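Down below is the structure, laid out as structure tokens.
Throughout, read-outs are computed from the coordinates displayed, never taken from laboratory work. On a predicted model such as this, the values are computed, not experimentally measured, just so you know. Here the Cβ is made from the backbone with ideal geometry for all residues, glycine too, and neighbour counts use every protein chain on show.
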Ligand SMILES: C[S@@+](CC[C@H](N)C(=O)[O-])C[C@H]1O[C@@H](n2cnc3c(N)ncnc32)[C@H](O)[C@@H]1O
């Protein structure tokens, strides 16, 4: 009988030793073989064990919910810098397209006093986010629609990792994403920016003067994302984290 590491390696897992250790720690002796087989069959490790590592947190994830990416930690760092730098650790923060709630959970881990509102359109994501950030903070619906009206003009930060893969590029994604993550968590329309456009158009109704919209995008898409922001009265700047190849566009509503 080949070892777990050998089975994972034969299935194409690049970090077979690390994955074997994670699988061993996640399963009882009787479950282990079944979990290893799911992984060997190509299921993402995070779905098999039920969690993803994100910004030092263990985020619960379930099949059908977008797996938070390490790249998105950069957006969290930009948001934490803004909140800390402006002494606004109790600010109202909205996480749109929250998925598992990973971004909000990471922000709360550093600034537990923020008033976090997280929104996703997919009931499975909403259920998962409720486990990660607390039920009362998560709202189901389309972008800003489910937020309480009292937040209008009061939000300090809107953070959003929207679907932003151009439709024509979906087939170029790694197999695990293409086959296991729902298309609507990935597909951002013909240029990938459909949802970013809708968020930028509505953000000024919700941001407080001087408030900011932070969106993850790709380096290639960033100039267009910035143009979209500017078209809605947000002064835009782009930050790039070369180490993780992450790009965040920051739009600021004039004070
Ligand atoms: C790329 S995933 C990001 C999830 C999470 N922010 C993260 O970084 O792990 C995009 C998420 O947007 C959600 N979504 C797509 N369209 C939406 C809409 N119109 N309103 C709210 N959420 C939406 C999807 O259900 C999915 O969970």
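Observations on the model:
- Neighbour counts of C-beta atoms inside 10 Å place 74, 229 in the sequence 74, 229, starting with the fewest.
- Hypothetical label at residue 90: residues of the range 141-171 whose amide nitrogen lies under 20 Å (7 Å Cα-Cβ projection): 150-158
- Relative to the longest principal axis of the Cα atoms of the chain, helix 194-206 runs at roughly 40 degrees.
- Cα-based shape type of the range 190-255, given that a ≥ b ≥ c are square roots of the gyration tensor eigenvalues and the cut on a/c is 1.5: oblate
- A simple packing score, the average count of other Cβ atoms within 10 Å per residue, orders the peptides 212-220, 247-255, 18-26 as 212-220, 247-255, 18-26, with the highest score first.
- With a simple spin-label model that places each label point 7 Å from the Cα along the Cα-to-Cβ direction, the separation between residue 245 and residue 71 comes to 0.7 nm.
- Look at the Cα gyration tensor of the chain: its axes a ≥ b ≥ c give a/c of at least 1.5 with a/b over b/c, and that counts as prolate.
- The mean sequence distance of close C-alpha pairs (under 8 Å, at least 6 residues apart), as a share of the length of the range 139-228, puts its relative contact order at 40 percent.
- Short-range pairs are left out: with C-alpha atoms under 8 Å and at least six residues apart, the relative contact order of the range 165-216 is 38 percent.
- Angle in degrees between helix 29-40 and the longest Cα principal axis of the chain, rounded to the nearest 10: 70 degrees
- Distance between the pseudo-spin-label points of residue 178 and residue 17 (7 Å out from Cα toward the beta carbon): 3.1 nm.
- With the simple spin-label model, which puts each label point 7 Å out from Cα in the Cβ direction, the residue 29 to residue 58 separation comes to 2.2 nm.
- Relative contact order of the range 181-255, defined on C-alpha pairs under 8 angstrom at six or more residues apart (%): 34 percent
- Relative to the longest principal axis of the Cα atoms of the chain, helix 73-85 runs at roughly 40 degrees.
- Using the Cβ-Cβ distance between residue 145 and residue 37 with R0 set to 41 Å, the FRET efficiency works out to roughly 0.45.
- Helix-only arithmetic for the chain: the sum of -39500 (n - 2.57) across DSSP H runs with n ≥ 4, divided by the residue total, places the mean residue ellipticity at 222 nm at -11000 deg cm²/dmol.
- The range 1-69 versus the range 114-132: alpha-carbon centroid distance in Å: 24 Å
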